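Just so it is clear, none of the values below were taken in a lab; they were calculated from the coordinates. In this text, all values refer to a predicted model and were calculated from it rather than measured experimentally. Here Cβ is always computed from backbone atoms with ideal geometry, including for glycine, and neighbour counts include all displayed protein chains.
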Amino acid sequence: MSRKSNKRTRGFLIGVGIVDVIAIIVVLVFFVRHIRLENKDKKDNASGNEVEYDVNNEEELSSISDISRDNQKDSDYVTETLADNITEAEPIDEAKTYADEMIAKMSLHEKVCQMFIVTPEAATGYSMVTEAGETSKQALMEYPVCGYIYFSQNLESAEQTKNMLANVKQYGMESNGIPFFTSVDEEGGAVARCADKLGTTTFLPMYNYREEGEKTAYDNAYTIASDISEIGFNLDFAPVADTWSNSANTVIGTRAYSTDYEEAAKLVASATRGFNDGGVVSCLKHFPGHGDTSEDSHRSAAYIHKPLAELMNEDYLPFIAGIDADAGMVMVGHLYLSDEDILSEADEYPASLNYKVITEELRERLGYDGVVITDALNMGAISYYYSSGEAVKLSVMAGADIMLMPADFKSAVSALEEAVESGEISEERIDESVRRILILKYNKLIKKLI
């Protein structure tokens with residue numbers, strides 16, 4: 001049976017009281033058929049007995065016609081009544097069904113691995129990877145991760161990159177039957193691996209286009225996405241949803257779309273739609289907002305010196321707009337907040353490890369139930385203070401779904417598995433994250449193939 005046929009069948013069988021509905025339909029079909037046969041018999045009798053009455057006897061013909069009309073009204077009434085009382089079955093959430101079916105087949109190790117995006121070097125143990133061959137295949141069989149992130153050192157030419165990405169996607173599917181993320185940071189401007197190495201369209205920093213409005217923000221993002229999608233990337237860690245509100249901030253600076261929160265929100269929403277329409281999964285970064293910090297979280301802890309109420313009315317706006325525009329992921333930064341509501345009860349963790357930020361703010365206050373990914377866990381703001389195992393456990397307990405680039409990937413996987421086996425983290429919590437990831441992959445990757 002075809003996939004489409006299966007979908008129709010499942011959609012029809014869903015619903016409460018389906019057996020009763022089928023019984024009513026059978027009765028209706030029998031009743032309508034009986035009426036038609038009765039009408040036919042009456043017509044045949046009228047034809048056979050025409051010698052017994054005058055064809056001009058309009059009263060007799062009118063009586064037969066009235067009977068036919070009454071029968072037809074009865075049939076119509078039953079049909080309409082049945083239609084009024086049959087509630088249309090709820091449409092099947094195909095993505096959730098797919099995710100639940102896959103989760104039921106997966107081992108704990110496979111589920112935990114699905115929560116990591118790492119470099120090909122971390123997976124294979126090589127110092128630099130520019131192709132995907134047997135070593136990459138074996139690495140994915142042992143650690144079937146969610147995807148790889150690629151940097152400039154991995155990209156030599158467009159043709160080489162296409163072959164590398166095509167192969168690794170195939171190996172990913174072979175390892176667990178799940179589509180594989182091939183990701184890159186391609187924002188335009190200073191952060192543009194593909195433009196720098198593979199000759200895709202070059203752009204100025206996005207800040208430079210702020211006065212050209214929403215259409216330009218969309219067009220730029222669409223072009224970037226189309227270019228890198230053609231090469232084989234399916235996930236872009238863009239757009240930057242931070243607002244450049246602190247002139248001393250150099251880590252974000254002109255990577256941001258604006259210095260104005262409301263303008264940034266409009267431009268980020270347009271860019272998000274552009275990335276999506278161009279063929280890649282988009283990712284808003286770096287929640288709750290890196291644009292007002294003075295420090296660089298790549299090297300050390302970075303602090304947001306704002307009360308929560310101010311964040312809600314300012315820095316959150318571009319993230320809210322991007323979420324409404326159907327961003328595929330939200331990346332949480334390694335940012336320490338000074339607000340006492342966030343830091344109460346000695347909860348002095350950076351946002352990427354902080355339950356109050358990820359679950360209470362992003363998920364509950366903003367209503368976001370999509371995939372949350374950490375910023376790279378090998379950055380100084382994390383790796384100087386936490387082991388890889390500690391960092392990933394805290395991230396998961398905080399509500400993150402994907403851990404990006406832990407310093408020691410394999411020890412991080414082991415630590416998370418051990419936390420589940422010991423009861424420190426429930427397997428249901430792992431399933432929540434894997435379900436979000438698989439739903440995203442179904443909606444953004446698998447649907448393209450159907």
In order through the stretch 351-363: 3J(HN,Hα) via Karplus (6.51 cos²θ - 1.76 cosθ + 1.60), integer Hz, x for Gly, Pro: 3, 5, 10, 10, 4, 5, 6, 6, 7, 6, 8, 5, 7
Counting other Cβ atoms within 10 Å of each Cβ, which chymotrypsin sites (Phe, Trp or Tyr not before Pro) in the stretch 347-450 have at most 14 and sit in a DSSP loop? Y384
Treat the count of other C-beta atoms within 10 Å as a stand-in for reagent exposure and order V118, V372 from fewest to most. V372, V118
How large is the dipole of the stretch 94-449 about the Cα centre if only Lys and Arg carry +1 and Asp and Glu carry -1, each at its Cβ, rounded to the nearest 20 debye? 980 debye
Selection from A376, T119, V251, by position along the positive dipole direction of the stretch 94-449 (Cβ): T119
Skipping prolines and chain starts, which residues have an amide H placed within reach, meaning under 5 Å, of the one on L335, given they are 5 or more residues away or on another chain? A351, S352
Starting from the Cα gyration tensor of the stretch 364-450, multiply each eigenvalue by 5, take the square root, and state the resulting semi-axes largest first in whole Å. 24, 16, 14
Return the long-range amide H neighbours of D408 (sequence gap of 5 or more, or a different chain), with a cut-off of under 5 Å between placed amide H atoms. S388
Note down the Stokes-Einstein diffusion coefficient of the stretch 137-184 in µm²/s, whole number, using a Kirkwood radius over alpha carbon pairs, 25 °C, and 0.890 mPa s. 223 µm²/s
Counting Lys and Arg as +1 and Asp and Glu as -1, what is the net charge of the other residues whose Cβ lies under 12 Å from the Cβ of N167? 0
How fast does the stretch 177-251 diffuse by Stokes-Einstein, in µm²/s, taking the Kirkwood radius from C-alpha pairs at 37 °C and 0.692 mPa s? 245 µm²/s
Set the Förster radius R0 to 51 Å, insert the Cβ-Cβ distance between T223 and S426 as r into 1/(1 + (r/R0)^6), and round the FRET efficiency to 0.05. 0.70
23 Å Cα-Cα threshold exceeded, pairs from K96/K356; K197/K266; K96/K448; K96/K285; K162/K215; K197/K444: K96/K356; K197/K266; K96/K285; K162/K215; K197/K444
What whole-number value in cubic angstrom gives the convex hull volume per residue for the C-alpha atoms of the stretch 94-449? 119 Å³
Around D185 (Cβ within 12 Å, Cβ-to-Cβ, excluding D185; K/R +1, D/E -1) the net charge comes to -2
The stretch 335-450: relative contact order as a whole-number percent, Cα under 8 Å and 6+ apart: 24 percent
